[in-house]
Amino acid sequence: MSLVPALRALLRAEGRSLRRDRARSGLIVLLVAVPVAAMAGGSALFATVRRTPDEARASVLGAADLRLDAPATRARVAQLLPEASEFEPLRDRRADVSAPGAHSVARAVDLASGALEPQRLARGYLRVVEGRAPASAGEAGASPTLLAELRQPLGGTIRLDGESARVVGVVVDPEDLAAPLVLRAHDPARDGPAPSWLARIGNPEEAAARLRSRGAGASARSELGGEDGFETAALLVLGGFAFFEAALVVAAAFAVGLRRRQRELGLLGACGATRAGMHAAIAASALLLSGAGTAIGLVVGLGAAGAAVPFIDDWNGRANGELEFPLRLLATATALGLLMPLAAVLLPAIGATRLPVRVALSAQRPVAEGTRGWMLLGGGLLGCGLSCVAWGAQREGPEAGLGILLGSALAVLGLGAASPWILGLLARAAAPLPLAWRLAARDAGRFRARNAPVVTAVLAGSSVTLLFAVLAASVEEFLRARGQSGDTESMLFVALAACFVTSLVVVLAATALSTAESAADARVLRAVGADPRVLRVHAGARAAYLALLGAALAIPGGLVPGAGLLELASGDLPFRTPWREIALVVIALPASAFALAWILAQRVSRGIRARAARD
């Protein structure tokens, strides 16, 4: 048989398999779509809410090239900056502002009349959102927060520095929309020498250095708004973690699907299909599912980000602008979405197609291989990860954080790689356990190819949660020691909720895969009169066992990088063990998995009894 017809026949077989097992195909599409949506939507929102270098410069300089921070008259500035083509005064301070029956302390800014116009130097320093900027001494602009505190409308009257002014415009600071703010037109006769000046100049760096050598404060445009790339790198690491978790469950789903098709693959091999041909057909089906999942994820993620844009200004208190599309991050999310299932299917495909044809046609489970190699691999990765964490803790700047994050990822990979060995070890030691739990432990050890990725996925999600818990507990203790308060509970609640939802979905997906793979065993147990309650407890025990093992391994996986990051923090943040969160992850997560799996098993049992009664 020539290559093209053979490949066409194998592709038809893969297509029939996808249509026959729609639930598994839908699960894989969902597992691809979720991380793609999260990374695409998160990247778009991150790019939208992040302060750009131009916005950072505008908050200090407006549209100017240089800012001089030294009290001076216009004549003195002309002497200090003879090469400047234009300069304008700036006064930015705190002041008492009042209205009949109300009082507030606000940020008071004095700018030259018309300084916020498009071609002027202060453009972007503040923003007029309604009305106009003040043009004379009897006029003022005020922020919505200040107008609300003084109970004055646009057109009302306020008092600043003992003088009355009519509010002719609503102004805001783009970087702090909620700040009480008042804007006046600068009056040299009233205000005297301005404390700061904005200048348009040809060589601002040289001028700033010269001014600083004379004892004056100066900032050049090129000196502000730099980016270190750490936030983008952290987003890529966290997004990679999400794809890693999804890939583990996708690998388990492919392993179960190929295991159930073992006899079919044996027939294809007996008819002359080559391993390379079967690998290509399986990869094509994985690519088809990944393409569908990636497309759905991009649409959902970017759509959700676009729907959130109208609300994010109120959420972070700054003018964020239109939704931005970071092409590099979106391309990364697309590439990961397309390639992740291909990588996930690699090992299951190799394992399924290398069985001898006689063994595959027998439909018997192949003998489980030893796990010593996985133990050695896991130990090596764990050692490399701990070394990276230790190296990062001794460094400074962005490379320190990246070293700790990379080390944390390697450590989690190492613990996950060792999980087949751990599952086999625990299965051999399960004899003293009750029947349902003994069956769960032995089932997990027997089907290591399916269960080890699930344990690793729970481990990864729980490690990130405990990392957040360490940082939140330490910050809370730091603030409490200084008599301050901070909102760390909301961040921690989001992390815990994300961990619970992700881990429960992963464990329940694994339970469904396990139920599908061991359906024949369950039929035998029911046929010989096994108590339905024992079968339900067994289903719950399988889910809880995997969740408990992943959560237990996550304790060092989260605490060690947390301690490393605290070493980098300024202010000597103390290390505090988050016992409450550890208890929630180690106790509440397995208990929830047990309860949900038990309920689902009860519904399945009722359905089986109902079908038996009809028959």
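Close Cβ contacts (under 6 Å, 6 or more residues apart or on different chains) running from residues in the range 554-576 that are over 26 Å from Leu381 (Cα atoms) to residues that are of a type outside the set (D, E, K, R) and at pLDDT 75 or above comprise Leu573/Ser474; Leu573/Phe478; Leu573/Leu566; Pro574/Ser474; Arg576/Ala473; Arg576/Ser474. Look at the range 263-291: where a residue is among the charged types (D, E, K, R) and a partner is surrounded by fewer than 17 Cβ atoms within 10 Å (Cβ to Cβ), sitting 6+ places away or on another chain with Cβ atoms under 6 Å, you get Arg263/Ala363. Only one of the numbered conditions (1) assigned to a loop (DSSP other than H, G, I, E, B); (2) out of contact with any Ser or Thr (no Cβ under 7 Å at 6 or more places or on another chain) is not met by Val182, and that is (1). Looking only at the range 228-245, decide whether some residue is farther than 30 Å from Arg51 by Cβ and in contact with a Pro (Cβ under 8 Å, 6 or more places away or on another chain). Taking every residue of the range 228-245 in turn, at least one turns out to be farther than 30 Å from Arg51 by Cβ and in contact with a Pro (Cβ under 8 Å, 6 or more places away or on another chain). Considering Arg428, Arg438, the condition of being out of contact with any helix residue (DSSP H, G or I) (no Cβ under 8 Å at 6 or more places or on another chain) and modelled with pLDDT of 80 or more is satisfied by Arg438 alone.
The residues listed here are Ile608, Ile599, Ile587; of these, the one that is part of a helix (DSSP H, G or I), more than 20 Å from Arg446 (Cβ to Cβ), modelled with pLDDT under 70 and of a type in the set (A, V, I, L, M, F, W, C) is Ile608. Can Pro356 be described as within 25 Å of Glu264 (Cα to Cα), surrounded by fewer than 18 Cβ atoms within 10 Å (Cβ to Cβ) and free of Cβ contacts under 8 Å to residues at least 12 places away in the same chain? Yes: the conditions hold for Pro356.
Checked against the criterion of being in contact (Cβ under 8 Å) with a residue 24 or more places away in the chain, within 18 Å of Ala78 (Cα to Cα) and small (Gly, Ala, Ser), the candidates Ala220, Ala209 yield just one match: Ala220. Within the range 154-182, residues that are without any contact (Cβ under 8 Å) to a residue 24 or more places away in the chain have Cβ atoms under 9 Å from residues that are of a type in the set (A, V, I, L, M) in these pairs: Gly155/Val167; Gly155/Val168, counting only partners at least 6 apart in sequence or on another chain. Scanning the range 68-126 for residues that are of a type outside the set (Val, Ile, Thr), closer than 18 Å to Gly192 by Cβ, open to solvent by 30 Å² or more (accessible area, probe 1.4 Å) and assigned to a loop (DSSP other than H, G, I, E, B) yields a total of 1. When Ala307, Ala280, Ala295 are checked against the criterion of being exposed (fewer than 15 other Cβ atoms within 10 Å of the Cβ) and under 28 Å from Val29 (Cβ atoms), Ala307 stands alone in meeting it. Looking at (1) closer than 24 Å to Leu565 by Cβ; (2) touching a residue at least 60 places away in the same chain (Cβ under 8 Å); (3) in contact with a Pro (Cβ under 9 Å, 6 or more places away or on another chain), which is the only condition Ala457 fails? (3) is the only condition that Ala457 fails.
All of Leu288, Leu346 fail the test of being over 30 Å from Thr232 (Cβ atoms), in a helix (DSSP H, G or I) and open to solvent by 60 Å² or more (accessible area, probe 1.4 Å), apart from Leu288. Residue count for the range 302-329 under the criterion of being over 18 Å from Arg51 (Cβ atoms) and among the charged types (D, E, K, R): the result is 1. Test Leu198 against the stated conditions and say whether it is within 38 Å of the chain's Cα centre (by Cα) and surrounded by 21 or more Cβ atoms within 10 Å (Cβ to Cβ). Criteria not met by Leu198. Consider Gly317 carefully, then state whether it is open to solvent by less than 50 Å² (accessible area, probe 1.4 Å) and within 16 Å of Ala38 (Cβ to Cβ). The answer is no for Gly317.
The values are calculated or read from the model by the stated rules, or taken from the named source; none is laboratory data. What you see is a predicted model, and the numbers here were worked out from it, not measured in a lab. Neighbour counts run over all protein chains shown; Cβ positions are idealised from the backbone, glycine included. The accessibility values were calculated without ligands, DNA or RNA, using every heavy atom of the protein model including side chains. Shrake-Rupley method; radii C 1.70, N 1.55, O 1.52, S 1.80 Å.
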